[in-house]
2 protein chains.
Amino acid sequence: MTQPGPARAPRGRPRSERVRLAVLDATADLLTEGGLPAATIERIAARAGVSKATIYKWWPTRGHVVLDSFFTRTRDTIAVDPDASLADSLTAQLDALSALFRDTPLGRLMRELAAVAQGDADVRDALEKRWLRPRRAVTVRLLREAAERGELRAEIDLEVVADQLWAPIYHRLLFGHAPLRDGLAADLVGQLLTGLLPRR
Amino acid sequence: MTQPGPARAPRGRPRSERVRLAVLDATADLLTEGGLPAATIERIAARAGVSKATIYKWWPTRGHVVLDSFFTRTRDTIAVDPDASLADSLTAQLDALSALFRDTPLGRLMRELAAVAQGDADVRDALEKRWLRPRRAVTVRLLREAAERGELRAEIDLEVVADQLWAPIYHRLLFGHAPLRDGLAADLVGQLLTGLLPRR
């Protein structure tokens, strides 16, 4: 995990892309090792073997580098199987996030980012635009496609649906009132799709 | 809002109760004026006209005083009308919290508390036990009573239901990706009770 950056970037790509990947790798390593405080622009630049100016050519702020890095290491969790049912697709996404927060250092890191975001508009903006929005967009697209196939009721606010699916996982991570247990994702999806009222 | 503590406590109560209310009032005033950093034990004691030792006789830590105070000023938002339907009761609760976060200084304060809680186990514990749990308990009780009347499907995890109702409001407050808009509470309750799938 600690091999310095540029050597790890895949060969055969343009230099700018190699530099970008080296910076993201260096950032991810620093975050994994020491959390948010460890990932300063100075340390990222040193580990990636680039200048601070190079970093700022690609990212407006430290918050954006951190979130891009966070996102890069976890991109697979929003992959969608085109043949899966709506329920299975949603459950797989939520389950991946729940496991990510519960079983990897990204759980602690998300808690740090969420905390810093309350007093740092840059981090809050990056967290929203680079992390939350892309994931919500996948969910909302799946829901919209299902609605167009007539699989969902018409009078639904899809942004609220996204909150009712994703927010409980963040809520449990941040407040610790209940565990990110196995089966949570399936319950979240099942209860919302089917509803709580008896189907008669 | 700035009249010092003891004089504001209702007359005719035991002295210990007057002192307790004076401390909570002083804390709430400090929080309203300057947020979490302003509510130190020293300042709370000075404004309430009591000693620090007196405060620690009632509360184990600063986090608990802060949360008790927060809770005292907002107790009305979890009042339940015994004649209201389940949907109306839940909607009223969620709507009150949403308005509290959106329209009063308690929104900013909850963001501060949530942030501090990520690095301070005392505040996190107090936030969970003195704020989240009492509210969730009201919701879960309403849901359990409805389930016993046969108004809900049997195979439901009520703790997950509580998350799907409450967590979206905290999520929007903390991450700012969508507003705490009018009608959000009704949508949260309606979508979860009825479900997203067509009812045929």
**Study point:** Accessible area of the protein assembly as shown belonging to carbon and sulfur atoms, whole % at 1.4 Å probe
**Key:** 53
Practice item. Report relative contact order for chain A in percent, whole number only (criteria: Cα-Cα under 8 Å, sequence separation at least 6). Key: 19
Review point. Based on DSSP H runs of at least 4 residues, each adding -39500 (n - 2.57), what is the mean residue ellipticity at 222 nm of chain A after dividing by all its residues, to the nearest 500 deg cm²/dmol?
Key: -20000 deg cm²/dmol
**Study point:** Integer Hz, Karplus 6.51/-1.76/1.60 couplings in order for the range B:40-48, x for Gly and Pro
**Key:** 7, 4, 4, 5, 4, 4, 4, 6, 7
Exercise for review: Would you kindly work out, in nm and rounded to one decimal, the distances from the label point of B:Ala99 to those of the same position in each other copy, ordered shortest first, with label points 7 Å along Cα-to-Cβ?
Suggested key: 4.4
Review point. What are the aspartates and glutamates whose alpha-carbon lies under 19 Å from the alpha-carbon of B:Lys57, with same-chain residues fewer than 8 places away excluded?
Key: B:Glu17, B:Asp25, B:Glu42, B:Asp68, B:Asp122, B:Asp125
**Study point:** For the range A:193-199, 3J(HN,Hα) per residue [Karplus equation, 6.51 cos²θ - 1.76 cosθ + 1.60, θ = phi - 60°, Hz, x = Gly/Pro]
**Key:** 5, 7, x, 8, 6, x, 9
Check your understanding: Computed over the Cα atoms of the range B:77-145, what is the ratio Rg over Rh, Rh following Kirkwood?
Key -> 1.04
Review point. How far apart are the A:Pro37 label points across copies, placing each 7 Å from Cα toward Cβ, in nm, shortest first?
Key: 1.7
Exercise for review: Taking all pairs of distinct Cα atoms, average 1/r, flip it, and tell me the Kirkwood hydrodynamic radius of the protein assembly as shown in Å to one decimal place.
Suggested key: 23.1
Check your understanding: Which whole-number value in Å³ per residue fits the convex hull of the alpha carbons of chain B?
Key -> 150
Point to revise | Rel. contact order, % - alpha carbon contacts under 8 angstrom, at least six apart, the range B:15-64 | key: 36
Review point. Which of A:Asp29, A:Asp122, A:Asp95 moves the most in a Gaussian network model of chain A with Cα springs under 10 Å?
Key: A:Asp122
**Study point:** Within straight-line cross-link reach of A:Lys52, lysines at Cα separation under 24 Å, skipping those fewer than 8 residues along the same chain
**Key:** A:Lys129
Exercise for review: Please find, in a Gaussian network model of chain B (springs between Cα atoms separated by less than 10 Å), the residue of B:Leu132, B:Leu109, B:Leu36 whose mean-square fluctuation is greatest.
Suggested key: B:Leu132
Exercise for review: Compute the accessible area per residue over chain B, keeping the other protein chains in place, probe 1.4 Å, unit Å².
Suggested key: 43
Review point. What is the extension gain from A:Arg153 to A:Lys57, computed as 0.36 nm multiplied by their sequence separation minus the C-alpha to C-alpha distance, in nm to one decimal?
Key: 29.9 nm
Exercise for review: Return the single residue from B:Ile41, B:Ile169, B:Ile156 with maximal mean-square fluctuation; model: Gaussian network over chain B, springs between Cα atoms under 10 Å.
Suggested key: B:Ile156
Review point. Taking a quarter of the surface of the Cα convex hull of the range A:15-64, what do you get in nm²?
Key: 2.9
Review point. Sorted by accessible area with a 1.4 angstrom probe, largest first, how do A:Lys129, B:Lys57 fall?
Key: B:Lys57, A:Lys129
Review point. Hey, for B:Arg133 with labels 7 Å out along Cα-Cβ, what do the inter-copy distances come to in nm, ordered shortest first?
Key: 3.9
Check your understanding: Ordered by residue, what ³J(HN,Hα) values in Hz, to whole numbers, does the range A:120-132 give under the Karplus form 6.51 cos²θ - 1.76 cosθ + 1.60, where θ = phi - 60° and Gly and Pro are x?
Key -> 9, 5, 5, 5, 4, 5, 5, 4, 5, 6, 9, 10, 5
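The values are calculated or read from the model by the stated rules, or taken from the named source; none is laboratory data. Computed from a predicted model, the values in this text were never measured in an experiment. Glycine also receives a Cβ, built like all others from the backbone with ideal geometry; neighbour counts cover every protein chain displayed. What goes into the accessible areas is simple: the full protein's heavy atoms, side chains included, and nothing from ligands, DNA or RNA. Shrake-Rupley method; radii C 1.70, N 1.55, O 1.52, S 1.80 Å.
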